[in-house]
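One structure below.
The values are calculated or read from the model by the stated rules, or taken from the named source; none is laboratory data. Predicted model, so just to flag it, every value in this text is computed and none were measured. FYI the Cβ positions are ideal-geometry reconstructions off the backbone, even for glycines, and counts take in every protein chain you see.
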Amino acid sequence: MKNLMEEFEAALDKITAGVLSDEQQVEGDNFDLTPQQRKLANLGRVLMDLAVSTKDDNLSNVMAKVGNELTNFGATFGPKSLGDLVKKTGTSQVIIQKLLQHADAVANHKAALANDHEDGGLDDTDSDEFAEPDDAAMAAQANRAMRAKR
C-alpha cells in the first residue's frame, strides 16, 4: 500500500507541478489550499463538467462522484489520501488516475484554446470580410464602367 501511495503522490506531483507560481496566487484566499489541493479541485470540476455530456451513465456517475470528492480533497470531511478517495468513491486507484490524466488533458486543452483566443488565433472579428465588396458587387461595378466607356 505504501508503494501505491508513493506512486499516487508522484503522479499527483507531476500533474500539479507548476500549477500556481507566486504571482498566480489568489489574493485573499481564506481556504488555505495548497497548490496540489487547488489543482485537484480544478480537476474535480473538470470531471464534473465532463460527466454532464458523457453518454455512458455509469462512467458519468463515476466521473461526477470522483470529481465531487476531488473538490473536497484535504477538507475537513473530504478525502485526505488516495485510500480515502478510493473508499469514498468506490472506484479503483487505476480508474482514478486515468480520470485525473483525462481531466488534466482536457484542462490543458481548454487553457491552450483560451490562450490562442487571447493571442488572436481564434479571433475572427478583427477583419470583417463583409466590409469589402464581394464578387457580384465588383462585377456590377465593372459592367457600369464598361457601359460608361461606350
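Looking only at residues that are over 19 Å from N42 (Cβ atoms) and surrounded by 13 or more Cβ atoms within 10 Å (Cβ to Cβ) in segment 92-105, which one is nearest to the chain's Cα centre (by Cα)?
Let us first name the residues in segment 92-105 that are over 19 Å from N42 (Cβ atoms), namely 92-95.
When the remaining residues are screened for being surrounded by 13 or more Cβ atoms within 10 Å (Cβ to Cβ), the result is 93, 95.
Numbers: Q93: 22, I95: 19 Å.
Within segment 92-105, the match that is nearest to the chain's Cα centre (by Cα) is I95.
Conditions tested, residue by residue: (1) farther than 25 Å from A10 by Cα; (2) among the acidic types (D, E); (3) at pLDDT below 80.
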| residue | (1), (2), (3) |
| --- | --- |
| Q37 | no, no, no |
| M63 | no, no, no |
| V66 | no, no, no |
| A75 | no, no, no |
| G78 | no, no, no |
| Q93 | no, no, no |
| D124 | yes, yes, yes |
| R144 | yes, no, no |
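Out of N58, N68, N72, one residue alone is surrounded by fewer than 17 Cβ atoms within 10 Å (Cβ to Cβ) and not charged (D, E, K, R). It is N58.
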